[in-house]
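Everything below concerns the one structure shown next.
Derivation of every value follows stated rules applied to the coordinates shown; laboratory data play no part. Just so we're clear, the structure is a prediction, and the values are computed from it rather than from any experiment. Cβ sites come from the backbone with ideal geometry, for glycine too, and all protein chains shown count toward neighbours.
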Amino acid sequence: MKRLFFTLLLLAGAAASPAAERPRQLDKAKVLPLALDDAFEFRKTKALHHDRATEKPTIDPMVIFERQRLNFGAVSDFDRELRYGHYFTFFWRAKRAADLTVRFEYRQQNLGAYVLAKELFYKDVKGSVKSDFSVVGDDYKQEGKITGWRALLIENGKIVALSQSFLWN
């Protein structure tokens with residue numbers, strides 16, 4: 001009986017999340033007009049670069065946990081290599097209900113100034129939301145590290161909130 005209860009609780013939590021889909025890669029990132037709105041804001045950004053070649057040894061349990069969490073389930077070295085790359089988590093808030101698109105635009109080392117983008121769509125969202133993006137596997141291995149990024153909240157084809165790295169111009 002307890003197992004059924006916990007299963008239903010997990011399913012209810014999964015159904016309550018605003019977006020269950022994965023970010024879709026855009027062929028070309030269109031330039032959009034800026035119309036900032038106080039009803040939308042980015043609250044926090046968590047960025048993590050995971051690559052065995054550049055990671056420094058540490059005894060910090062939180063850093064060790066993050067590395068182990070990313071590698072959880074990877075059985076072989078090939079599986080672990082597919083998880084190397086950049087991970088971004090954006091925490092944002094919408095004070096009123098709206099159909100929003102979160103766009104993650106980024107530049108990579110081997111592509112120079114060329115901008116790549118990924119998007120997530122949220123229908124009728126209100127409140128605090130977490131959006132996850134990653135550049136891993138072959139995308140990371142072939143094109144290199146991310147050199148600059150920005151995150152946009154888009155409503156009706158207009159940018160209503162943004163957050164960006166120091167190197168974005």
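Okay, here's what the table says:
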| read-out | value |
| --- | --- |
| Karplus-derived HN-Hα couplings along the stretch 76-93 (A = 6.51, B = -1.76, C = 1.60, θ = phi - 60°), whole Hz, x at Gly and Pro | 10, 4, 4, 4, 5, 4, 5, 9, 6, x, 10, 10, 10, 10, 10, 9, 9, 9 |
| Ranked Val125, Val136, criterion: other C-beta atoms within 10 Å, fewest first | Val136, Val125 |
| Residues Ile146, Ile59, sorted so that the one with the fewest Cβ neighbours within 10 Å comes first | Ile59, Ile146 |
| Amide H contacts under 5 Å for Leu26, placed H, 5+ residues apart | Ala117, Lys118, Glu119 |
| Label-to-label distance, nm, for residues given as Gln109 and Arg22 (7 Å Cα→Cβ offset) | 2.4 |
| Calculated from backbone phi, Karplus (6.51, -1.76, 1.60) coupling profile of the stretch 111-119 in Hz, x at Gly/Pro | 9, x, 8, 5, 9, 9, 8, 10, 9 |
| Proportion of all alpha-carbon pairs of the chain beyond 26 Å (%) | 38 |
| In order through the stretch 158-167: 3J(HN,Hα) via Karplus (6.51 cos²θ - 1.76 cosθ + 1.60), integer Hz, x for Gly, Pro | 10, 7, 9, 7, 8, 9, 8, 6, 4, 8 |
| Extension reserve of the Asp99-Met62 stretch, reckoned as 0.36 nm per residue once the Cα distance is removed | 9.8 nm |
| Burial ordering of Asp99, Asp60, fewest other beta-carbon atoms within 10 Å first | Asp60, Asp99 |
| Rough spin-label spacing in nm, given labels placed 7 Å along Cα→Cβ, for Asp38 and Phe121 | 3.1 |
| Simple label model, 7 Å out from Cα along Cβ direction - Trp168 to Asp138, nm | 2.7 |
